[in-house]
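The values are calculated or read from the model by the stated rules, or taken from the named source; none is laboratory data. On a predicted model such as this, the values are computed, not experimentally measured, just so you know. Reconstructed Cβ throughout: ideal geometry from the backbone, glycine too, with neighbour counts over all protein chains shown.
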Amino acid sequence: MKRNLHTLKLAGLLSLAVAVSACSAQKKKEAEKAKMASSSAAKPAAPKKEGGIKPYKEVITAKAKTDVGLFTVHKVEDKYYYEIPDSLFGREMLAVTRYSKTPAADGTYGGEELNEQVWVWEKRGTQVMIRVPSYTNVAAPGTDMYESVRNSNLSPILASFDIKAKGKDSTAVVIDVTDFFAKDVQALGLQQSTKTQYKITRLDDTRSYIDSIRSFPINIEARSIKTYAAASPPGDGSLGSVTVELNTSMVLLPKVPMAARLNDERVGYFSRRQTDYGIDAQKATVTRYIARWKLEPKDEAAYARGELVEPKKQIVYYIDPATPKKWRPYLIEGVKDWNKAFEAAGFKNAITCLEAPTNDPEWSPEDARYSVIRYFASNIANAYGPHISDPRSGEIIESDIGWYHNVMNLVRNWFFVQTAAVNPAARMPKFSDEVMGQLIRFVSSHEVGHTLGLPHNFGSSVAYPVDSLRSASFTQKMGGTAPSIMDYARFNYIAQPEDKGVVLYPGIGPYDQWAVKWGYTYFPNKTEEEQAKILNKWTVERAGNPIYFYGAQTGNPIDPRAQSEDLGDDAIKASTYGIANLKRIIPNIQKWTYEEGKPYDNLEELYGEVLGQFNRYMGHVRASIGGIYQNDKTYDQAGAVYTHVDEAKQKASVKFIVDQAFKTPNWMFNSAETNKFDNADLDDKVRRVQVSALNGILDPARLARVIDNSTKNGSKAYSLDELFADLHSGVWSEISTGSNIDVFRRNLQRAYIDRLGFLLTPPDPTQASAFARFGVTSVDPTKTDITPMARLELVNLQSDIKRALPRYSNTIIKAHLVDALARINLILDPKK
């Protein structure tokens, strides 16, 4: 019992000791905790990581190379980061992706656009997203349809990024954009059609990278090199790949869009299409806003009085420092020439051009605040004038004109072949600096016109009577060869040697002044509809005057007035003068291209240009066959919009082509000139010119218009049977008399039979869809009167050849006619 009590006492003492010990440990723990808490009051605790967001300095390390601009861009080793301020979330930005450099054999040029989107950067939780709003369907705020349109136009998400860090002051976030620009993002890479063309399977990450990302006050320029694995690449197929350099320019759009101006088909402007559901028209209404710079007068009161006033913000271009110094003054003049047109809109000194500053390290041609004429050391014979415009209003934000060095060879060839017969300054292999300078000025003015919002006006060159273009007083008064420098009117090929003092160049003309007046006149406090009424009144007042006619660009013109490279109001007369000049050039081409100690490369090149110019003349005349004049009108204008070319003109056009192209053009074969270069394929070159003219006439779409003309105008129309009869007698004239059929005529006659066979065949569906992409309608001849007429022509021709065969003893001609019969038999009865 005592022993048990002792044990219990001992256990109790031990328990007490353990309790005291535990209590002391607890107090010690609490004391340390209190000490830590006290310490933390003086030293902040380490921040918690929120969804993977790291401290700023862990992401943007001391190694970062930082470029401050619209967004702050950081490069940390091989990673690129955007630091986006909160103030720019929700703002609209225009992203344009273009080629910077392309493969030599690709057929595309640096500067050509691949894609354009509006981006809106959006922050959501721990992510940043890019949304792509659409302006295809719109309704103004406050209209009944506004909410409905918003609900039907959810902006898709292009990309999402994890927030890597918050800015130093927590008013910005940092995201990693490396993969966005380096990987294969559809919006920033090659188009699907190009991938299909080259049989591209994937982007090769090992040969793709970001070249640079540069940030400026209102834009960011991201340049990347992308290499795609391709089974059919352009150029060297053994590479199995295609490499391109792409640039994506992201430009901040104005917070408040400029007041838009509605497009009018009767005046040429680049425009953006929208479907406006907010207009009270009882249907969805398609509207277009023209592209133009924002010009407002400094002194509105003086402007309202009709005085010329300077704009608040002048349009300024800069010359790329890489541009050769001797050409800079001509490029500058080409820009300033447009001030004449802006005066028609009430502005003086509206546009200028300056040399880029050489002592300003902040100036860059990629800065969207500066519009630049960029000069490229390239053998590409081209120049281009794109612009970046706000899709909400059409306001042009910025433009860079691309100028390739070899454009000089292009204009040299044009100027030689079109004016050398009358112009001693063009009779040399290398033009003087003054002559070349004026040619550069012409191209500069043309490209600047594009950057002002003006497309090609292929209808302008028809305005002046042909013989007026031989008049020195008329051409000097009108300031050039056509009312618009935006036409491809080129140089005065109509002028003859006796026409002294005639102007040979195009210039800023009366149409250009009218178009700028229409697009840039300032209307304060007037709605789009009120402006449109004023502009419509002006347009109606000028209707019917060919000087103000606008003809949109097309590759296969239906309206013979709206075509490329032509001059004057009568294609037959103008081409007759042009051919007379080509006949003067051929015997002198060796003398006029002479270069001591050099081979005949220049002679061969310019001889080819002569053939090319002759082919253009055939195209100018051919456009009248099956041609339809289009004069766009509104309800307040009387008369037809579409009118067929009259019968006499169409018949005369066929005769001209028969006489000039189908009858062998022996003047082209000057042996003293052609034996200076390898001309083994000269027969084939001439054949191609003749076949091009023939196939162009026997084009199913053209023949369908001939049928349409007969349907609507009966005996007043140039009918399909008349056309075939005229071609038959023009192509096969020899067989009725048994006269000689030379090699060129034999080539043409075989081509005629082949083309008739083509008209008996339904079109290839893949070709039809390809034509449709270019706005060209494909006609199935087998579903029209074209095939029956072609079949009848083959039957008639078969009989004629059989009757003609006994008249010929020449073996080659007999062989040709026997072969012609065999070809016809095979077409008419392919089963034999």
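Checking Gln513 against (1) within 32 Å of the chain's Cα centre (by Cα); (2) in a loop (DSSP other than H, G, I, E, B); (3) at pLDDT 95 or above: exactly one of these is not met. Which one?
Condition not satisfied by Gln513: (2).
For segment 560-582, which positions are polar (S, T, N, Q), under 29 Å from the mean Cα position of the chain (by Cα) and either closer than 17 Å to Lys649 by Cβ or buried (at least 24 other Cβ atoms within 10 Å of the Cβ) (or both)?
Answer for segment 560-582, where residues must be polar (S, T, N, Q), under 29 Å from the mean Cα position of the chain (by Cα) and either closer than 17 Å to Lys649 by Cβ or buried (at least 24 other Cβ atoms within 10 Å of the Cβ) (or both): Gln563, Ser575.
Among the residues of segment 361-383, which ones are surrounded by fewer than 17 Cβ atoms within 10 Å (Cβ to Cβ) and of a type in the set (D, E, K, R)?
Glu362, Arg369
Any idea which of (1) of a type outside the set (Lys, Arg); (2) surrounded by 18 or more Cβ atoms within 10 Å (Cβ to Cβ); (3) in contact (Cβ under 8 Å) with a residue 24 or more places away in the chain is the one Ala701 doesn't satisfy?
(2)
Give me the residue from segment 488-499 that is crowded, with 20+ Cβ neighbours inside 10 Å and modelled with pLDDT of 95 or more and, out of that set, nearest to Ile585 (Cα to Cα).
Among residues in segment 488-499 that are crowded, with 20+ Cβ neighbours inside 10 Å and modelled with pLDDT of 95 or more, the one nearest to Ile585 (Cα to Cα) is Tyr493.
Condition test on Val443, is it modelled with pLDDT under 95 and not assigned by TED's automatic domain parsing to the domain that holds Asp601?
Judged against the criteria, Val443 is a match.
Going by what's in this entry, would Arg266 be described as outside the structural domain of Val118 (by TED's automatic domain parsing), outside any helix (DSSP H, G or I) and not β-branched (Val, Ile, Thr)?
The answer is yes for Arg266.
Of the residues Asn556, Asn588, Asn615, Asn581, which is in contact (Cβ under 8 Å) with a residue 12 or more places away in the chain and over 25 Å from Ala495 (Cα atoms)?
Going through Asn556, Asn588, Asn615, Asn581 in turn, the sole match is Asn556.
Quick check on Pro455: is it under 30 Å from the mean Cα position of the chain (by Cα), surrounded by 22 or more Cβ atoms within 10 Å (Cβ to Cβ) and in contact (Cβ under 8 Å) with a residue 60 or more places away in the chain?
The answer is no for Pro455.
Which of the residues that make up segment 606-640 are of a type in the set (Lys, Arg) and surrounded by fewer than 22 Cβ atoms within 10 Å (Cβ to Cβ)?
Matches in segment 606-640: Arg616, Lys633.
Listed residues Ile485, Ile440; which is part of a helix (DSSP H, G or I) and crowded, with 18+ Cβ neighbours inside 10 Å?
Sole residue among the options that is part of a helix (DSSP H, G or I) and crowded, with 18+ Cβ neighbours inside 10 Å: Ile440.
Which of the following residues is charged (D, E, K, R) and either outside the structural domain of Ile812 (by TED's automatic domain parsing) or modelled with pLDDT of 95 or more (or both): Arg688, Arg705?
Arg705
Being surrounded by fewer than 16 Cβ atoms within 10 Å (Cβ to Cβ), at pLDDT 90 or above and not in a strand (DSSP E or B) is the filter here; which residues of segment 136-181 pass it?
Thr171, Asp179, listed by residue number.
What is the one condition in (1) within 34 Å of the chain's Cα centre (by Cα); (2) farther than 30 Å from Asp559 by Cβ that Ser692 does not satisfy?
Unmet condition: (2).
Answer with yes or no whether Leu694 is touching a residue at least 40 places away in the same chain (Cβ under 8 Å), farther than 16 Å from Asn796 by Cβ and either charged (D, E, K, R) or surrounded by 15 or more Cβ atoms within 10 Å (Cβ to Cβ) (or both).
When the stated conditions are applied, Leu694 passes them.
Inside segment 641-675, can you point out the residues that are of a type in the set (A, V, I, L, M, F, W, C), modelled with pLDDT under 95 and surrounded by fewer than 16 Cβ atoms within 10 Å (Cβ to Cβ)?
Correct list: Val641, Trp667, Phe669, Ala672.
What about Tyr99, is it modelled with pLDDT under 95, outside any strand (DSSP E or B) and either surrounded by fewer than 19 Cβ atoms within 10 Å (Cβ to Cβ) or assigned by TED's automatic domain parsing to the domain that holds Ala165 (or both)?
Criteria not met by Tyr99.
Just to confirm my filter: which helices (runs of 4 or more DSSP H) fall fully inside segment 548-655 and include at least 2 residues that are under 22 Å from Met486 (Cα atoms)?
571-585, 601-622
Across segment 695-717, what is the total count of residues that are outside any helix (DSSP H, G or I) and more than 13 Å from Thr643 (Cα to Cα)?
Looking only at that region, the number is 2.
Taking the stated definitions as given, is Phe744 among the hydrophobic types (A, V, I, L, M, F, W, C), modelled with pLDDT under 95 and within 24 Å of Tyr617 (Cβ to Cβ)?
Taking the combined requirement at face value, the residue satisfies it.
In segment 50-98, how many residues are more than 30 Å from Val256 (Cα to Cα), touching a residue at least 40 places away in the same chain (Cβ under 8 Å) and of a type in the set (Ser, Thr, Tyr)?
So the answer is 2.
Of all residues being in contact with a helix residue (DSSP H, G or I) (Cβ under 9 Å, 6 or more places away or on another chain) and exposed (fewer than 14 other Cβ atoms within 10 Å of the Cβ) in segment 182-230, which is farthest from Asp78 (Cα to Cα)? Just the residue, please.
My answer is Ser193.
Give the residue that is surrounded by the most Cβ atoms within 10 Å (Cβ to Cβ), with candidates limited to residues of segment 710-745 that are among the small types (Gly, Ala, Ser) and within 22 Å of Arg803 (Cα to Cα).
Gly730
Looking at segment 586-608, is at least one residue modelled with pLDDT of 90 or more, out of contact with any Ser or Thr (no Cβ under 7 Å at 6 or more places or on another chain) and closer than 25 Å to Asp264 by Cα?
The answer is no; no qualifying residue exists.
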